[in-house]
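As structure tokens, the structure follows; a few thoughts come after it.
Laboratory data are not the source of any read-out in this text; all were calculated from the coordinates shown. What you see is a predicted model; the values in this text were computed from it and never measured. Here the Cβ is made from the backbone with ideal geometry for all residues, glycine too, and neighbour counts use every protein chain on show.
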Amino acid sequence: MDEPAQSSTSSTNDAPYELQPVTHISSTGQQWWRRAVIYQIYPRSFKDSTGSGMGDLAGITAELPKIAALGVDAIWLSPFFPSPQHDAGYDVSDYRGVDPLFGTMDDAKTLLSTAKSLGLRVIIDIVPNHCSSEHHLFKAALVAAPGSPDREMFHFADGLGEDGNTPPNNWQSLFGSSGWTRVSNPDGAPGQYYFHLFDATQPDFNWRNPAVQKEFEDTLRFWLDAGAGGFRIDVAHAMFKKLGLPDWGGAPDGTPRPGFPFADAPMFGQPELHHVFARWREICDEYPDEPVLCAEANVRPLSRLADWVAPGQMHQSFNFDFLRTLWDRDALASVISDSLAAFDSVEAPTTWVLSNHDVSRHASRFGLDGVALDLGDGIGPRDPQPDMGLGLARARASTLFMLGLPGGAYLYQGEELGLGDHTTLEDRYRQDPTFLRTDGARIGRDGCRVPIPWAHDAPAAGFSPSGQSWLPQPAGWEEFSRDLQEQDPHSTLHLYHNALRLRSELGLGLGSLAFYANPKLPEVLAIRNGNTINVLNLGNSPVALPAGELLLFSSPTGEDYAAQGLLEANAAAWLRA
Ligand code: GLC
């Protein structure tokens, strides 16, 4: 056992933890979404029932009892709608159907009814900022005249310069290069440009057009009528563009730069957005069982994100500032207090998230010290490789700490198995448009999307009966298989089960928060939520545990350390005060 950072005589009795005043009081609202834990399923990579190498809806339905048993409240399904799959389904060609790749509408109905019988709500991923260039509305716009109602559904504009060869403005695609693509007229001559914040196959809708608004209201009702428990709203912050589409000298994704605050970005956070969300909220409120709206609003600073979840707006928003936070005690403490202050100001729950399908998984990220990774990027074979042992220890610790915070939480499939990314995936397998549009300069997100392992001695680690897998799994993947972890009481899977059960029993999601001051332990973050002490050691040496009855710890050896009054390095624990 390593030497403790403090004097080796530190014990639970002289632990230097001083409780500070409460900064977040318990929630008075008892609605399910204020404390919900929502599990993200990425259908391509969850479970393949046919052997095609692509996960599918029947595969999800078959495994739902295991997800329900984990103790989550809902699943969020990434898109399964008909799509040419140029952006893994975020390029939708029909919002009210099922891509044959994933099954049929009947499969979707079976999934919804099975989830309901298991007490799981199903959150559908709606992609309103853009559709696929194969969507019938865009196809109609392509053959229509400039200025026609069909073109007004999108952002079509004439090019600049004598030949119209220069795009209408300087906006960039978030996947790289210009955000404008020029179309050809029916006679083959070059025509207007259309705007796409993402790939050229993902034209942006013109949300100022009431016909677009009507189209999506109908889509929301379609899925609510089918039994959906709510919606995750893709790129919610970009739906409206500033009138006149002025040039922008800041970062394409709005990341603040000197002179270019996020608030000035003409393609993000336009005030007109909020009328649409208010309308959507009214629609959800017409349905029983409180369907929710969750914004993928990548907005800065946190105080502005509160506008998305103010009364009458969405129920929740992802907390990307929390997700972006490095393994750093002070940064983590600030983001937690800023988050609670921002969301408390509008009486909305804070949500917490560590991984999703757009960012390197936290077990990989935290294995790289001090390397900032952003949404949309991953770790590739030419990058420094993470220390996976360290990453896993920190992933388990950060998850336990996160689940002990008041508010809601999002989990990404496979994190309950402690999965990291495939960081050595060969270029020839990559499918992310970010990689393709930047000629490989940005590695993209394929590494965090690899099909998950279910059985250690089955083809494709139990993902697919044929052994096919749309992205190859990395060497050693079977060691993380669910079947092995089910047998091992120290596994990451058991940690998630125990944490979710206790979180619910102790009412942590609706709880309060007070920080502990512990100046002698600069790498330890401790908070109190009701009667529970939640402590995270971000340092590389063991430290004194606060006094209390040990309830749960993140590492397999946590109990041995606790017997000596210690919390080991890169570990977390919950105690009863
Ligand atoms: C969101 C999705 C991402 C997708 C993008 C464009 O950020 O999470 O996967 O590529 O929107 O739809």
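The Stokes-Einstein estimate for region 446-573, based on a Kirkwood radius over Cα pairs and taken at 20 °C with 1.002 mPa s viscosity, is a diffusion coefficient of 126 µm²/s.
Plainly put, the chain has a radius of gyration that is 0.97 times its Kirkwood radius, both from alpha-carbon atoms, as the Rg/Rh ratio. Each principal axis of the Cα atoms in region 388-443 has its own extent, and those three values, largest first, are 42, 26, 17 angstrom. Beta bridges from DSSP with both residues in the chain: antiparallel share about 60 percent, rounded to the nearest 5. For region 136-195, the residue among Phe175, Pro149, Gly191 whose Cα projects farthest onto the positive side of the dipole built from Cβ charges is Phe175. For the chain, the Cβ-based charge dipole about the Cα centre amounts to some 680 debye (Lys, Arg positive; Asp, Glu negative; other atoms uncharged). Sequentially through region 449-461, phi angles give Karplus couplings (6.51, -1.76, 1.60; θ = phi - 60°) of 10, 6, x, 8, x, 10, 9, 6, 10, 10, x, 6, 6 Hz, Gly and Pro residues having no value and appearing as x. Fraction of C-alpha pairs exceeding 17 angstrom in region 345-447: 54 percent, rounded to a whole number. Legend: P(r) of region 136-195 from all alpha carbon pair distances, 10 Å bins from 0, whole percents, reading 24, 52, 24, 0. When the P(r) is computed for region 330-404, the part past 16 Å accounts for 58% of the Cα-Cα pairs.
Placing unit charges on the Cβ atoms only, positive for Lys and Arg and negative for Asp and Glu, gives region 136-195 a dipole magnitude near 220 debye about its Cα centre. Peptides 566-575, 233-242, 46-55, ordered by how many other C-beta atoms sit within 10 Å of their residues on average, highest first, read 566-575, 233-242, 46-55. Close amide H partners of Leu293, meaning residues 5 or more places away or on another chain with modelled amide H under 5 Å apart, are Phe231, His315, Gln316. For region 336-374 versus region 120-170, the spacing of their alpha-carbon centroids is 32 Å.
Residue ranges 19-32, 545-558, 143-156 sort as 545-558, 143-156, 19-32 when ordered by packing (mean number of other C-beta atoms within 10 Å per residue, highest first). With respect to the chain, whose longest principal axis is taken over its alpha-carbon atoms, helix 57-70 is tilted by about 30°. A P(r) calculated from all alpha carbon pairs of region 104-168, with 10 Å bins opening at zero, reads 17, 28, 22, 16, 12, 5, 0 percent. The calculated 222 nm mean residue ellipticity attributable to helices in the chain amounts to -7000 deg cm²/dmol, summing -39500 (n - 2.57) over DSSP H runs of n ≥ 4 and dividing by all residues. Ranking of Val299, Val543 by neighbouring Cβ atoms within 10 Å, starting from the fewest: Val299, Val543.
Of the residues Arg304, Arg35, Arg428, the one with the fewest other Cβ atoms within 10 Å heads the list, and the complete ranking is Arg428, Arg304, Arg35.
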